[in-house]
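In what follows, a structure is listed as structure tokens, so that the remarks can point back to it.
The values are calculated or read from the model by the stated rules, or taken from the named source; none is laboratory data. This one's a predicted model, so the numbers in the text were calculated from it and none came from an experiment. When we count neighbours, we look across all protein chains shown, and the Cβ atoms used for this are built from the backbone with ideal geometry, even at glycine. Ligands, DNA and RNA are excluded from the accessible area calculation, which covers all protein heavy atoms including side chains. Shrake-Rupley method; radii C 1.70, N 1.55, O 1.52, S 1.80 Å.
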Amino acid sequence: TVNIRWNVNAVWSIIAGSTSGNRIYSSDFFSLNNFNYTFEEYKPRVVYQANTQLRLTALFSYFEAKNIEELGNEMAFNTEWGGELRYSISKFGVINGKFSYYEVKYTGNAQSPLGYDILQGLVPGENMLWNLSLQQRIGSNMQISVTYDGRSAQNQRTLHIGRMEARYLF
């Protein structure tokens with residue numbers, strides 16, 4: 001993994017990340033689930049931080065993976081376009097939002113263990129994921145987080161997930 005950050009000036013930054021590697025799963029009992037794939041991922045981002053309260057990020061990522069020929073020769077190509085927002089309101093909390101659009105291509109069975117792993121939980125075709133969260137500190141020892149996640153994929157119904165968490169800090 002390599003990450004580079006360049007602060008162009010006081011408000012603009014460019015962040016570039018690159019990851020490559022090899023993921024292997026091998027089982028004597030479930031040999032049909034075995035995989036051994038290499039991958040490369042590139043993640044450039046442009047960040048605008050107007051002040052300590054507001055940060056906007058435009059993001060892109062490209063992921064490519066290929067399983068070895070002996071185990072199926074499956075290939076995956078995943079492109080993400082998206083944006084993030086972080087807004088801090090003094091004495092209230094922090095609001096975070098993210099939206100991502102994915103275009104996913106895969107030559108294998110998406111329902112297999114390899115398909116799930118190589119697609120990172122996405123499905124072939126168009127995918128959209130969004131997230132909105134609010135964190136608020138109550139007093140000096142309590143933190144409340146409320147999170148909403150949504151996801152939509154081609155030929156599947158939209159999923160909505162909400163969570164709430166309370167933490168006591170000591």
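Quick notes on this structure:
- Highest-MSF residue in the chain out of 99, 29, 60 [GNM, Cα springs under 10 Å]: 29
- Probing with 1.4 Å while keeping every protein chain in the model, the per residue accessible area of segment 36-120 equals 58 Å².
- Three-way shape call for segment 1-104 based on the alpha-carbon gyration tensor, with the a/c threshold at 1.5: prolate
- Under 29 Å from residue 66, Cα to Cα: lysines that are on another chain or at least 8 residues apart: 43, 98, 105
- Separation of the residue 81 and residue 60 label points, Cα + 7 Å toward Cβ, nm: 1.0 nm
- The largest accessible area among 114, 56 belongs to the first residue in 56, 114, and the rest follow in falling order (1.4 Å probe, all chains).
- Think of the chain as a dipole: +1 on every Lys or Arg Cβ, -1 on every Asp or Glu Cβ, centred on the Cα centre; then among 156, 81, 139, 139 lies furthest on the positive end.
- The accessible area of residue 55, taken with all protein chains in place and a 1.4 Å probe, comes to roughly 90 Å².
- Using a simple spin-label model with pseudo-atoms 7 Å out from Cα toward Cβ, residue 18 and residue 42 lie 0.8 nm apart.
- GNM flexibility winner over the chain from 58, 50, 153 (Cα, springs under 10 Å): 50
- Theoretical gain in end-to-end length, residue 89 to residue 30 [0.36 nm per residue, Cα-Cα removed]: 16.0 nm
- A straight line joining the Cα centroids of segment 103-154 and segment 1-30 runs 18 Å.
- In this structure residue 117 has an accessible area near 40 Å², from a 1.4 Å probe over the protein heavy atoms.
- Fluctuation leader among 148, 62, 25 - the chain, Gaussian network, Cα springs under 10 angstrom: 25
- Estimated 222 nm signal from helices in the chain, with DSSP H stretches of n ≥ 4 weighted -39500 (n - 2.57), rounded to 500: -1000 deg cm²/dmol
- Exposure ranking of 165, 80 by accessible area [1.4 Å probe, largest first]: 165, 80
- Rolled with a 1.4 Å probe across the full set of protein chains, the surface gives residue 95 an accessible area near 50 Å².
- Simple point charges give the picture: +1 on the Cβ of Lys and Arg, -1 on the Cβ of Asp and Glu, and for the chain a dipole about the Cα centre of about 1040 debye.
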